[in-house]
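**Q** Okay, here's the structure, questions in a sec.
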Amino acid sequence: MKKVAFYTLGCKVNQYDTQAVSDIFKKEGYEIVDFNEKADVYVINTCTVTGLSDRKSRQMIRRAKSNNENSIIVVMGCYSQTSPEEVEKIPEVNLIMGTKDRNKIIEFLREIEEEKGRLKVVSDIMHTRDFEELHVEEYRERTRAFIKIQEGCNQFCSYCIIPYARGPVRSRKPEDLLEEIRRLAEDGIKEFVLTGIHIASYGKDLGNIDLVDIIKKVHDIPEVVRIRLGSIEPGFVTKEFIDQAKELEKLCPHYHISLQSGCDETLKRMNRKYTTGQFRNVVEDLRSNIPDVAITTDIMVGFPGESQEEFMKSYEFVKEISFAHMHVFKYSPRKGTPAARFKNQIPPDVKEERSNMLIGLSKEKKLEFNKKHLNRVFPVLFEQEVKNMEGYIEGLTPNYIRVICRGNPDMIEKIYNVRLQTAYEDHVIGEIIH
């Protein structure tokens, strides 16, 4: 039996794509093995959000070949889509794919095996108009499934390479994604995360449905227990959306709303479509309407032209908002984006200092959020045993607090009411109420 191994960099969309491609290999009779094992085929699903992502992609390509010098190396994803010529310079690579035609991967492999050569099948993604249907048959994680509902982005923020890597918005047909969720729910998956490149755009190319509509349709599937949303834009969170969301009991009170900067001048240069005032209003509306809501975000430091004054405006804004968690990252110039040509690029040491400041603030606010919920009871969906803590299991509350309790493996994949007792920065210790 032939063996295939996968390595995935980047976002949840990439993870979904890898899972779907691994199912294609399984149907062809391949055994899926760990990336560090010897395999006949290695598939690296790449990311290109930052320069670090590019370097990591190249590193994993070379590591795969060292595992088996006679293996076939497949590179797909955003890095190979935007920089196929760079990937082509890496001699270890046999098959270069982008962010489409993943469902033809076996066909491409056979062509390489027959000719014992190399193949590049990267086409212009900007002219793609159809959603590429990839199906996930079975999830290795038994509690939560990420469901890709759309592809592409039309926002063109000045720093972002993703619209050029993923192309324009394409939405998945409702009947296809609902069938997949229904099948996985009947198989025991309890929580579904609706993900995509820009999920707020879902349905814009279909004309008769939007993201709220599809949430409601998923909510109507009896076997679905929880629904969680991937990253959304502040402009999507209107009063109308909140009024509907608070009536959907399966929809988790956890919203990851992308901020990027807490300074209006920086947001304008980023070509973001909102102000800090509008963002603040969204947060206030959510908190006044949805009990225990968790609001998390992404925030960038070191965007070109970000003066110390602008950074401190951003710092004070996120301190005021008091997010349950912040993903902090440093601006990285991406070739082909407007921001890469901007003047006043920020030195690396300044980016590092600002990043550390915000990471420290994020830890402080996360602990504060966890403490607010102590001595209360929440339903926890347990996912796994805790490494290095025998006799303990862990899972998530609906508002995304990670909870650790005494328990046994038989309790995994089930929901129990838990009293939260002791708060730490990255988790809470609780006691299951039987």
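The values are calculated or read from the model by the stated rules, or taken from the named source; none is laboratory data. Computed from a prediction, not measured in an experiment: that's the story for all the values here. Note: ideal-geometry Cβ built from the backbone for every residue, glycine included; neighbour counts use all protein chains shown. All accessible areas refer to the heavy atoms of the entire protein, side chains included, with ligands and DNA or RNA removed. Shrake-Rupley method; radii C 1.70, N 1.55, O 1.52, S 1.80 Å.
**Q** Before rounding to the nearest 500, sum -39500 (n - 2.57) across all DSSP H runs of length at least 4 in the chain and divide by the residue total; then give [θ] at 222 nm in deg cm²/dmol.
**A** On the way: 13 runs with 148 residues, N = 434.
After summing the helix terms and dividing by the residues of the chain, the value is -10500 deg cm²/dmol.
**Q** Toward the positive end of the charge dipole of segment 259-388, about the Cα centre and with charges on Cβ (Lys, Arg +1; Asp, Glu -1), which of GLY336, THR266, PHE311 goes farthest?
**A** GLY336
**Q** Dividing the convex hull volume of the Cα atoms of segment 276-414 by its residue count, what figure in Å³ per residue is obtained?
**A** Values: hull volume 22.8 nm³, N = 139.
With only Cα atoms used, segment 276-414 gives 164 Å³ per residue.
**Q** Another question, then. Return the unpartnered cysteines for the chain, using a Cβ-Cβ cut-off of under 4.7 Å.
**A** Within the chain, the cysteines lacking a partner Cβ under 4.7 Å are CYS11, CYS47, CYS78, CYS153, CYS252, CYS263, CYS405.
**Q** Further question: Nearest 20 debye, what's the magnitude of the dipole of segment 262-315 about its Cα centre given +1 on Lys and Arg Cβ and -1 on Asp and Glu Cβ?
**A** Details: 7 positive and 9 negative charges, 35 e Å.
The dipole of segment 262-315 has a size of about 160 debye.
**Q** Please calculate how many Å² of accessible area the chain carries per residue, with a 1.4 Å probe and no DNA, RNA or ligand atoms counted. Don't jump to the answer; show the numbers that get you there.
**A** On the way: 19620 Å² over 434 residues.
That works out to 45 Å² per residue.
**Q** Another question about this same structure. Taking the Cα atoms of segment 205-335 alone, what are Rg (to one decimal) and Dmax (as a whole number) in Å?
**A** Computed over the Cα atoms of segment 205-335, radius of gyration and Dmax are 16.3, 52 Å.
**Q** Same structure again: Would you compute, for the Cα atoms of segment 38-194, the largest minus smallest coordinate along each principal axis and list the three values in descending order, in whole Å?
**A** Here the spans come out as 43, 39, 29 Å, largest first.
**Q** Starting at 0 and stepping by 5 Å, how many percent of the alpha carbon pairs of segment 290-335 end up in each bin?
**A** The distribution over segment 290-335 is 5, 18, 25, 22, 15, 8, 5, 2, 0, given as percents.
**Q** Moving on to the next point. Which values, in whole Å and largest first, are the semi-axes of the equivalent ellipsoid of segment 72-118 obtained as the square root of 5 times each eigenvalue of the Cα gyration tensor? Display every interim value, and only then the final one.
**A** Numbers: eigenvalues 58, 39, 7 Å².
Each semi-axis is √(5λ); the values are 17, 14, 6 Å.
**Q** Could you check which residue among MET97, MET357, MET300 shows the biggest mean-square fluctuation in a GNM of the chain with a 10 Å Cα cutoff?
**A** MET357
**Q** Tell me which trypsin sites (Lys or Arg not before Pro) from segment 61-141 have a DSSP coil assignment and no more than 16 other beta carbons within 10 Å of their own.
**A** Details: sites: ARG62, ARG63, LYS65, LYS89, LYS100, ARG102, LYS104, ARG110, LYS116, ARG118, LYS120, ARG129, ARG140; in loops: LYS89, LYS100, LYS116, ARG118, ARG129, ARG140.
Loop-located and lightly packed - LYS89, LYS116, ARG118, ARG129, ARG140.
**Q** On average over all directions, what projected area in square nanometres does segment 186-272 have, based on the convex hull of its Cα atoms?
**A** Computing the convex hull of the Cα atoms and averaging its projections yields 6.9 nm².
**Q** Additional query: How many nm is it between the label spots at GLN155 and GLU107, if each spot is 7 Å from the Cα in line with the beta carbon?
**A** 3.4
**Q** Test of the criteria: in segment 222-280, which trypsin sites (Lys or Arg not before Pro) are in a DSSP loop and have at most 16 other Cβ atoms within 10 angstrom of their Cβ? Don't skip to the end; give the middle numbers.
**A** On the way: sites: ARG226, ARG228, LYS239, LYS246, LYS250, LYS268, ARG269, ARG272, LYS273, ARG280; in loops: LYS246, LYS250, ARG272, LYS273.
Passing sites in segment 222-280 are LYS246, LYS273.
**Q** Something else about it: Run the quick spin-label model on GLU141 and PHE342: label points 7 Å from Cα toward the beta carbon, then report their separation in nm to one decimal.
**A** 3.2
**Q** A further question follows. About its Cα centre, what dipole magnitude does segment 75-218 give when the only charges are +1 on Lys and Arg Cβ and -1 on Asp and Glu Cβ, stated in debye to the nearest 20?
**A** On the way: 23 positive and 28 negative charges, 90 e Å.
About 440 debye.
**Q** Could you state the per residue volume, in Å³, of the convex hull enclosing the Cα atoms of segment 141-222?
**A** Taking only Cα atoms, segment 141-222 has a hull volume of 94 Å³ per residue.
**Q** If you don't mind, there's one more thing I want to ask. Take the solvent-accessible surface of the protein heavy atoms, probe 1.4 Å, and return the percent of it on segment 63-142 that carbon and sulfur atoms account for.
**A** Working: 1750 of 4100 Å².
Carbon and sulfur: 43 percent of the exposed surface of segment 63-142.
**Q** Between ARG62 and GLU352, what's the calculated FRET efficiency when r is the beta-carbon distance and R0 is 25 Å? Round to 0.05.
**A** Working: r = 27 Å, r/R0 = 1.08.
With R0 = 25 Å, the Cβ-Cβ based efficiency is 0.40.
**Q** Counting other Cβ atoms within 10 Å, keep those with at most 16, restrict to DSSP loop, and tell me which trypsin sites (Lys or Arg not before Pro) in segment 13-51 are left.
**A** Values: sites: LYS26, LYS27, LYS38; in loops: LYS38.
In loop regions of segment 13-51 (DSSP not H, G, I, E or B), the sparsely surrounded trypsin sites (Lys or Arg not before Pro) are LYS38.
**Q** In a Debye calculation with equal point scatterers on the alpha-carbon sites of the chain and no solvent, what is log10 I(q)/I(0) at q = 0.07, 0.09, 0.11, 0.13 Å⁻¹?
**A** -0.36, -0.62, -0.95, -1.33
**Q** If you don't mind, another one. So if I place +1 on the C-beta of Lys and Arg and -1 on the C-beta of Asp and Glu, and nothing else carries charge, what would the dipole magnitude of the chain be about its Cα centre? I want it in debye, nearest 20.
**A** Values: 66 positive and 69 negative charges, 185 e Å.
Magnitude of the dipole: close to 880 debye.
**Q** Then there is this: Given a 10 angstrom Cα cut-off, can you work out which residue in GLY51, GLY262, GLY277 is the most mobile in a GNM of the chain?
**A** The residue that fluctuates most here is GLY277.
**Q** Post the alpha-carbon centroid distance, segment 151-210 to segment 320-396, in whole angstrom.
**A** Distance between centres, Cα-based: 24 Å.
**Q** What fraction of the Cα pairs in segment 346-405, stated in percent, has a spacing above 13 angstrom? List each step's numbers first, then the result.
**A** Details: 1247 of 1770 pairs.
Of all Cα-Cα distances in segment 346-405, 70 percent exceed 13 Å.
**Q** Along its principal axes, what span do the Cα atoms of segment 1-90 show, with the longest given first and each in whole Å?
**A** Principal extents (largest minus smallest coordinate, Cα): 37, 28, 19 Å.
**Q** Going Cα to Cα from LYS239, which aspartates and glutamates come in below 15 Å? Please leave out same-chain ones fewer than 8 positions away.
**A** The qualifying aspartates and glutamates are GLU247, GLU284, ASP285.
**Q** Here's another thing I want to ask about it. Sequence-distant or interchain residues sharing an amide H contact under 5 Å with PHE192, placed H: which?
**A** ALA145, ARG226, ILE227, ARG228
**Q** What translational D, rounded to a whole number of µm²/s, comes out for segment 99-163 from Stokes-Einstein when the hydrodynamic radius is the Kirkwood one over Cα pairs, at 25 °C and 0.890 mPa s?
**A** Numbers: Rh = 15.2 Å.
Translational D for this selection: 162 µm²/s.
**Q** Here's something else I'd like to know. Give the long-range amide H neighbours of VAL169: residues separated by 5 or more places, or on another chain, with amide H under 5 Å away, using H modelled in the peptide plane at 1.01 Å from N.
**A** CYS153, ASN154
**Q** While we're here: On a 31 Å Cα-Cα criterion, which of the cross-link pairs LYS190/LYS387; LYS313/LYS372; LYS104/LYS246 come out too long? Walk me through the numbers before you get to the answer.
**A** On the way: LYS190/LYS387 23 Å; LYS313/LYS372 26 Å; LYS104/LYS246 42 Å.
Violating the 31 Å limit, Cα to Cα: LYS104/LYS246.
**Q** Note down the nm distance, to one decimal, between modelled labels 7 Å out along Cα→Cβ at THR238 and at GLU320.
**A** A separation of 2.6 nm, rounded to one decimal place.
**Q** Another question about this same structure. Would you grab the residues whose amide H sits under 5 Å from the one on TYR392? Only those 5+ places off in sequence or on another chain, please, with H modelled 1.01 Å from N.
**A** Under 5 Å from the amide H of TYR392: VAL386, GLY407.
**Q** Something else about it: Please express the shape of segment 185-227 as an equivalent ellipsoid: the semi-axes are the square roots of 5 times the eigenvalues of the C-alpha gyration tensor, given largest first in whole angstrom.
**A** Numbers: eigenvalues 97, 27, 10 Å².
Working from the Cα gyration tensor, I get semi-axes of 22, 12, 7 Å.
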